[in-house]
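FYI, it's all coordinate maths here, none of it is from the lab. Only a predicted model underlies this, so the values are computations on that prediction, with no experimental measurement involved. Here Cβ is always computed from backbone atoms with ideal geometry, including for glycine, and neighbour counts include all displayed protein chains.
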Amino acid sequence: MKTRTFIDQTVAQVRSGKGGDGSCSFRREALVMEGGPDGGDGGRGGDVVFKGSRHVNSLVSIYFQPRLFAENGVDGSGRQRYGRRGKDLVVPVPCGTVVTDADTGELLADIVSDGQTFVAAKGGAGGLGNVKFKSSVNQAPMEHTPGGPAEERRVRLELKTIADAGLLGFPNAGKSSLLSAVSSARPKIASYPFTTLNPVVGTVEYADWAKIRIADVPGIIEGASRGVGLGLAFLKHLERSRVLVYVIDMAGTDAREPWTDYLKLRAEISAYSEELAERPALVLANKMDCEAAKENLPRFVKETGIEPICISCTAGNQTGLDAFKEALRELVKPAPARHAELVQPPPPLSEMPPTDGDEIPAEALKFAPFLKLDPPKRKSHPSRGNIH
Ligand SMILES: Nc1nc2c(ncn2[C@@H]2O[C@H](COP(=O)(O)OP(=O)(O)OP(=O)(O)O)[C@@H](O)[C@H]2O)c(=O)[nH]1
Ligand SMILES: [Mg+2]
């Protein structure tokens, strides 16, 4: 049986653990008269926690196991035995997961980074045993409290991939070929439509360690906004992208016309979201190694009024990819990684502030943070009134 391995939205039922009840008990022992209260507290119930993880890229595990229940706290018991607290249920989710209340639609959390946590259901507090109520005027208390109730709700989880730029185009336009040419991602490439069925993210790296994440999503065809082909549901993965990259098959494979491809693409994106269609965009003319592409290019410019960046992604015949990377960088403008600053050589000794004698000037100390030159702490002395 073929199972689904990529799920980008699902509904889960979360339930935290109930707190354990406090105990009401009295010490009973041979030869011990009126031993007094000794009922311990209950343990608190476990939380259900969603935790962002870069090792997870889909919500498939929650899809197949949507009931997420944490452990209850254990009741307290006699001899002041406290109940064990219930274990938290920590559920890893991909970075980019949006958590909403499935019943009210309220936005609860947007988990975007690795290690970020969100407590979806808080465990009940542990109850108090009767030992907590003893006092000089109440030496045999019968009071004890029950554990706090569990929290339960239905949450909707939706993955919105985090990428700076998104590739858009008809099936077979060469989106996956482009991603594998400019990044180390290896999406499946083949000459039949809808090869890519799930979003794939690759990272383009620049000489100064700046990085841009690009998402490749399934191809779009005319009528996608009405559900034709794979529809437009996967466009939610581009909602966080700052730049859209239209990849046009300039060779017109499958008897298509590049200029109508572009206009249809724009119309489908506008039907999905006007705001998305307005975002900054780059237009790429792919397959420029083909003769047909060279013939189609002037007509494309005339029909659309757009000068595309001409590229070719086939191995051994790659052209225009550097121009694309630079244009993309200009639009996204990522800051270089801090690593670049760290490899800067230290200033030459001649530029260091001068030192003379025993005194080290304050500016020179900035270059030697490893020297702990704070004045020694004064020792306490009984004559100063310290209590020992
Ligand atoms: N001649 C030529 N062929 C290309 C070029 N880029 C991609 N192709 C071919 O076009 C076909 C489709 O490429 P893909 O990268 O799978 O296209 P895609 O846009 O990802 O297609 P889907 O995933 O189906 O939407 C493959 O056979 C590629 O070898 C190019 O620059 N020149
Ligand atoms: Mg593809």
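Expressed as cubic angstrom per residue, what is the convex hull volume of the alpha carbon set of the range 157-252?
Convex hull volume per residue, Cα atoms: 109 Å³.
Strictly greater than 13 Å: what percent of every Cα pair in the range 109-151 meets that?
Result: 67 percent of Cα pairs exceed 13 Å.
Have a look at the DSSP beta bridges in the chain and tell me what percent are antiparallel, nearest 5.
Within the chain, antiparallel bridges account for around 55 percent of the total.
Quick one: Debye curve from the C-alpha atoms of the range 165-332, no solvent, what's log10 I(q)/I(0) at q = 0.10, 0.11, 0.15, 0.16 Å⁻¹?
With no solvent term, the Cα-only Debye profile gives -0.32, -0.39, -0.77, -0.89.
Can you list residues from other chains, or at least 5 along the same chain, whose modelled amide H is less than 5 Å from the amide H of Cys310?
Sorted by chain and number, the residues that satisfy this are Ala285.
Hey, could you grab the Kirkwood Rh for the range 1-99? Inverse mean 1/r over distinct alpha carbon pairs, Å, one decimal.
Here the Kirkwood hydrodynamic radius works out to 16.1 Å.
Return the equivalent ellipsoid semi-axes of the chain as a descending list in whole Å, where each equals the square root of 5 times an eigenvalue of the C-alpha gyration tensor.
59, 38, 15
Enumerate the calculated ³J(HN,Hα) couplings along the range 148-156 in order (Karplus 6.51 cos²θ - 1.76 cosθ + 1.60, θ = phi - 60°), each rounded to whole Hz, writing x wherever the residue is Gly or Pro.
Residue by residue, the range 148-156 yields x, x, 7, 9, 9, 7, 9, 10, 9 Hz.
Compute the whole-percent fraction of alpha carbon pairs in the range 52-114 spaced more than 16 Å apart.
Summing the P(r) tail past 16 Å for the range 52-114 gives 63 percent.
Taking the Cα centre of the chain as the origin, how large is its charge dipole in debye, to the nearest 20, when only Lys and Arg (+1) and Asp and Glu (-1) carry charge on their Cβ atoms?
Value, rounded to 20: 1520 debye.
Name the long-range amide H neighbours of Arg81: under 5 Å, sequence gap of 5 or more, or other chain; modelled H, no Pro or chain starts.
Here Gly40 satisfy the definition.
Taking every pair of distinct Cα atoms and averaging 1/r, then inverting, what Kirkwood hydrodynamic radius in Å comes out for the range 49-192?
Radius from the Kirkwood sum: 19.5 Å.
Counting other beta carbons within 10 Å of each Cβ, put Asp164, Asp103, Asp289 in order, fewest first.
Asp103, Asp289, Asp164
Tell me which residues come under 5 Å, amide H to amide H, from Arg153 once H is placed; ignore anything under 5 positions away on its chain.
The list, which skips near neighbours in sequence, is Val14.
Which distance in Å, rounded to a whole number, links the C-alpha centroids of the range 216-284 and the range 50-117?
36
Checking the table Lys51/Lys264; Lys122/Lys160; Lys188/Lys211; Lys18/Lys160 against a 30 Å threshold on Cα-Cα, which pairs fail?
In this structure, Lys51/Lys264; Lys18/Lys160 lie more than 30 Å apart at Cα.
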